[in-house]
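Presented below is the structure to which this report refers.
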């Protein structure tokens with residue numbers, strides 16, 4: 001019996017020792033796992049910080065590149081090298097899209113190019129407009145140019161001038177037609193009347209200052225009317241002359 005009790009004591013002691021060792025191992029293993037976990041998290045945090053720093057530096061470099069590109073565009077714009085400006089703008093738009101940079105400045109420079117380009121065309125057309133017989137060509141070309149606010153007043157001025165020129169051309173045409181009576185007198189008389197009527201409609205519609213030639217043509221038409229016997233005999237009842 002004593003031996004059995006002794007055995008039991010030894011057995012319980014062994015169990016106790018095993019329990020202590022097992023508990024110690026469990027807590028050590030838990031500590032080791034937590035430590036490894038913290039080390040892994042710290043390593044991950046460091047990697048993320050390094051990546052963020054890398055991205056920050058990259059973004060900073062790209063922003064500087066983007067800003068330098070805009071400065072280049074402005075310099076080429078001042079030199080009038082619009083082809084180079086447009087070439088750089090394509091690169092600028094790509095950088096803006098990729099890194100979410102504002103491209104308003106690029107659009108502003110391109111808009112200035114558009115304004116200057118149309119302004120140059122208008123000035124050439126204004127020069128062309130000095131020839132009154134080019135009124136139709138000038139008007140057609142002016143109508144192709146958009147009415148940007150910076151050039152709207154000049155565009156209107158040139159356009160108005162084309163109607164003044166058309167009015168003058170029609171007056172000259174009406175006058176010249178009267179001078180060719182030896183060919184087809186009656187036909188030319190009525191053609192002159194028709195052309196003069198068209199000229200008056202343009203003048204009234206466009207609020208153009210009346211040219212003294214208009215009155216002169218009406219006087220000439222009256223003289224031609226009575227000079228062509230066949231014309232006034234066919235249009236005035238005999239009882240009136």
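Values in this text are rule-based calculations from the coordinates and carry no lab data. A quick note: this is a predicted structure, and the numbers were derived from the prediction, not measured. As a convention, Cβ positions derive from the backbone with ideal geometry for all residues, glycine included, and neighbour counts pool all protein chains shown.
For region 122-154, list residues with backbone N below 13 Å from a point placed 7 Å from the Cα of residue 198 toward its Cβ? Zone members listed by number: 136.
Taking other C-beta atoms within 10 angstrom as a stand-in for reagent exposure, 215, 81 fall in the order 215, 81, fewest first. Could you compute the FRET efficiency for residue 93 and residue 143, with r as their C-beta to C-beta distance and R0 at 45 Å, rounded to 0.05? Computed FRET efficiency for residue 93 and residue 143: 0.90. Mean silhouette area of region 58-102, derived from the convex hull of its C-alpha atoms and averaged over all directions, reads 2.8 nm².
For the residues 172, 178, what sequence is obtained by ranking on other C-beta atoms within 10 Å, fewest first?
172, 178
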